[in-house]
Each structure stands twice: as C-alpha cells, then as structure tokens.
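What follows is a short report on a single structure.
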Amino acid sequence: MPAAPPLPVGPRIAIYGPSGSGKSTLARTLAEKLGLPCIELDSIFHAHPNWLDLTTHGFRDRVREILEANPAGWVIDGNYDHVRDLILTQADTVIWLRLPFWTVYSRLAWRTISRSFQNAELWNGNRETLRQTFLSKDSMLLWGITAWKRGIRKTAVALAETPHHARVLTLRNPRSVARLIERATLPRK
C-alpha cells in the first residue's frame, strides 16, 4: 500500500475540541514533528496555584505576547473564548477534534481519575484532587457531560462568525487523527 500523500498544515495551527479529546497530545505531537513551539492555553490561563486564574485582560495580554514572540508559527491547543479571536485570525490551519462522546468521555474520565489518585501537578501548582473529582460542582467528570453540546455549538459559531482565513480540518475519529499526524507537513515556502 502506498504511503498517504503529505498534508500541508500550518505553520500557525489552532486545535479545538472538548476536554479529553486529545488536543494537548495532538498539539505536542504535531509541534515536535513540524519543529514548532507548542502552546497549551490551560498552562497560561491557570497561572497560579490553587486555581487562581488570570483575568481575561491578563490572559489576552499574555497570549498576545506569545503570538508576537512566535511569528514564524506555533501549535496552540485550547477552547478559550476570551482569546479565540486573537488566535483564529492568525491561524493558517484549525484542527477541530469532533470525536464521538463516549470516546472523549472515557478518555476524560480515565485521565481525571488517574490524575486525582496520583495527585499529579497539571500547571503551575494546580492539581485535580479526589474531592474535586468526585464531590465538587467543578468536577471535570461533570464538566465533560454538561459542556459537551455547548462546546460544539460555541466552536461552530466561532468558526463561522470570526473572520479568519484558516483551513478547517474536522476530525471525527481516532483513525483520522492518526492519519493527520502521519501526513502533516509544513507548506513549502
């Protein structure tokens, strides 16, 4: 079987999708393959321990600084409405992970529960705890269910209404994600 043809993406790539869809994993993989910096919006927004997040203004300023510092390209993952206009207007390629609910939710549940038991640090001293996972209204397990449809609608609206020139690649199953990774290449200059 012949190799799949290259698929030019980037050099400015934005990755959207629900929590647990594999945004960060895909971003790291593509960034490494393409030689681009990987920018995880969660690590910027959740800037301080104990989930003390940046203000909207501070978050926008920080993302703007990062974009300006990386004019040659980047791979950014995250669904933050507050900065979507900054990122989307500069993106060359958008990858929207629209995998099936049960695929995403099973990944999210495994990841969240594992992190909680391990007391693993996520970003800047922030951790998912057993209490937060099972006994809080801020549980990622609850978020994964309640935010599902809203997240899809918000992304669809943003892609339709935010002026941008990006090519949008919608991936609907893990196999299509694997094929993208295999085929992705930077455009020829």
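Output yes when any residue across region 89-104 is without any contact (Cβ under 8 Å) to a residue 40 or more places away in the chain and of a type in the set (Lys, Arg), and no when none is. For region 89-104, residues without any contact (Cβ under 8 Å) to a residue 40 or more places away in the chain and of a type in the set (Lys, Arg): absent. Among the residues of region 22-42, those identified as more than 11 Å from the chain's Cα centre (by Cα), surrounded by fewer than 20 Cβ atoms within 10 Å (Cβ to Cβ) and not charged (D, E, K, R) are THR29, LEU34, GLY35, PRO37. Reported count of residues in region 175-185, each being exposed (fewer than 15 other Cβ atoms within 10 Å of the Cβ), in contact (Cβ under 8 Å) with a residue 12 or more places away in the chain and not acidic (Asp, Glu), is 4. Taken together, THR112, THR146, THR133 contain a single residue that is of a type in the set (Val, Ile, Thr) and over 20 Å from the mean Cα position of the chain (by Cα), which is THR133.
Filter region 104-130 down to the residues that are hydroxyl-bearing (Ser, Thr, Tyr) and surrounded by 16 or more Cβ atoms within 10 Å (Cβ to Cβ), then identify the one that is farthest from ALA156 (Cα to Cα).
By that ranking, first place goes to SER116.
Here THR89 meets each of (1) buried (at least 21 other Cβ atoms within 10 Å of the Cβ); (2) closer than 21 Å to ARG153 by Cβ with one exception, condition (1). Among the residues making up region 45-72, those that are outside any loop (DSSP other than H, G, I, E, B), farther than 18 Å from GLN132 by Cβ and either in contact with a Leu (Cβ under 7 Å, 6 or more places away or on another chain) or touching a residue at least 40 places away in the same chain (Cβ under 8 Å) (or both) are ARG60, ARG62, VAL63, ARG64, LEU67.
Yes/no matrix, rows are residues, columns are (1) part of a helix (DSSP H, G or I); (2) closer than 30 Å to LYS33 by Cβ; (3) hydroxyl-bearing (Ser, Thr, Tyr):
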position	(1), (2), (3)
THR133	yes, no, yes
LYS137	no, no, no
THR155	yes, yes, yes
LEU159	yes, yes, no
LEU169	no, yes, no
VAL177	yes, yes, no
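Flag not set for SER106, criterion: small (Gly, Ala, Ser), within 26 Å of ARG127 (Cβ to Cβ), outside any loop (DSSP other than H, G, I, E, B) and at pLDDT below 95.
The values are calculated or read from the model by the stated rules, or taken from the named source; none is laboratory data. Note that the coordinates shown come from a computational prediction; the quantities given were computed from them, not determined experimentally. We place every Cβ from the backbone using ideal geometry, glycine too, and count neighbours over all the protein chains shown.
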